[in-house]
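Trainee: Below is a structure I'd like to ask you about.
What follows is calculated from the coordinates using simple rules that are stated; it is not laboratory data. On a predicted model such as this, the values are computed, not experimentally measured, just so you know. Here the Cβ positions follow ideal geometry from the backbone for every residue, glycine too, while neighbour counts run over all protein chains shown.
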Amino acid sequence: MLVLMSSAATILGQNNGGGAREMVPAMFIFGDSLIDNGNNNNLPSFAKANYYPYGIDFNRGPTGRFSNGYTMVDQIAELLGLPLIPAYSEASGDEVLHGVNYASAAAGILDATGRNFVGRIPFNEQIRNFENTLNQITGNLGADAVATQLARCLFFVGMGSNDYLNNYLMPNYPTRNQYNAQQYAHLLAQTYNTQLTRLYNLGARKFIIAGLGLMGCIPSILAQSATGRCSEEVNLLVQPFNSNVKTMLSNLNNNLPAATFIFVDVANMFQNILLNARSYGFTVVNRGCCGIGRNRGQITCLPFQTPCPNRNQYVFWDAFHPTEAVNILMGRMAFDGNPNFVYPININLLAQL
């Protein structure tokens, strides 16, 4: 249950406890397992990571992050001078003053996505949870004060991976028979547009939207390949989604007064990392550090499984998710990167607007 402060000054965020000045008052986060930090822990769900070896390199141990340590948004929060943003399911008191993370493993843009994992919090429900937070803040601080501060906050949204991996590509879903790749990408973009506009109508103004990565290159897909190479079929399948999202964000920038949407090109980031793996210090790019059959990378880590010792040399932590080393690298690329990785401006410049 969220317990919020009664003074307007408490939401402004003076420092993160370590003396660093925050660039923005807060960051609100929406997404899936790539940035979930514990919202699925108490759900009746198969999509959980609140056990070792997850969090093996995180100072708080296993928290529900699908990583050995930091996620991408953890790194971005640090670069912004913010403390690590708490999960909605656990946030209380002063913890919510710098933002809330609503992300949920197996969640998608479409409500039906991820049902094979049972419990998860789809994007529509994540927005409703943000409304709950907003209502409580507004009740204490007043609508005008909240609106002023929200306009300065960052809203990070990373959705869509599960709409392919745990919907369109799943044999127990009818989606692939109902839509071709272009039609499905159009459906997702249409739904996404409505959801992002809803956040705008609630007061959000500064948006960071993460595109989909090279999903044909993740170990769970590579494990199904006879050649062990990236699946061009899967990579081509998700391209229309990224293209549609770029067009959608351009339209939103033009049509929503005072809003700024930036696009984080995760696919280009990943391609850069894979092509220049050794220069970044990575020696293993095609399998996860842990998971059943580490060479095939078929599932997530088993409880108390011993992972690889040289984790910083792996691109992938398990069959689906990057290691902390990659998450930190991508967070830095998004924060200070050039237009090859984030555009029309990077997060650093967005925070300063």
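Trainee: Take the chain, connect every pair of alpha-carbon atoms lying under 10 Å apart with a spring to form a Gaussian network, then pick out the residue of ALA145, ALA334, ALA49 with the largest mean-square fluctuation.
Mentor: Comparing ALA145, ALA334, ALA49 in a Gaussian network model of the chain, the most mobile one is ALA145.
Trainee: With n ≥ 4 as the cut-off for DSSP H runs, can you work out [θ] at 222 nm for the chain, using -39500 (n - 2.57) per run divided by the number of residues, rounded to the nearest 500? Mind showing how you got there, number by number?
Mentor: Working: 11 runs with 121 residues, N = 353.
Value at 222 nm, helices only: -10500 deg cm²/dmol.
Trainee: Going by amide H atoms built from the backbone, whose H comes under 5 Å of the H on VAL342, apart from near neighbours?
Mentor: ASP265
Trainee: Nearest-5 percent of antiparallel DSSP beta bridges in the chain?
Mentor: Working: 5 of 23 bridges.
Rounded to the nearest five, the antiparallel share is 20 percent.
Trainee: How do SER67, SER250 rank when sorted from fewest to most other Cβ atoms within 10 Å of their own Cβ?
Mentor: On the way: SER67 30, SER250 13.
Placing the least packed residue first, the sequence is SER250, SER67.
Trainee: Something else about it: Which value in Å does the Kirkwood hydrodynamic radius of the chain take, with 1/r averaged over all unlike C-alpha pairs and then inverted?
Mentor: Details: mean 1/r = 0.0493 Å⁻¹.
When all Cα pairs of the chain are included, the Kirkwood radius is 20.3 Å.
Trainee: Residue-wise, which Karplus ³J(HN,Hα) couplings in Hz belong to the stretch 185-195, taking 6.51 cos²θ - 1.76 cosθ + 1.60, θ = phi - 60°, and x for glycine or proline?
Mentor: 4, 5, 4, 5, 5, 4, 5, 4, 4, 4, 5
Trainee: Give the separation of the Cα centroids, the stretch 70-108 to the stretch 299-337, in Å.
Mentor: Computed from Cα coordinates, the inter-centre distance equals 18 Å.
Trainee: If you average 1/r over every pair of different alpha-carbon atoms in the stretch 99-200 and take one over that average, what Kirkwood value in Å do you get? Intermediate results must be reported in sequence, preceding the final value.
Mentor: Values: mean 1/r = 0.0666 Å⁻¹.
In the stretch 99-200 this quantity evaluates to 15.0 Å.
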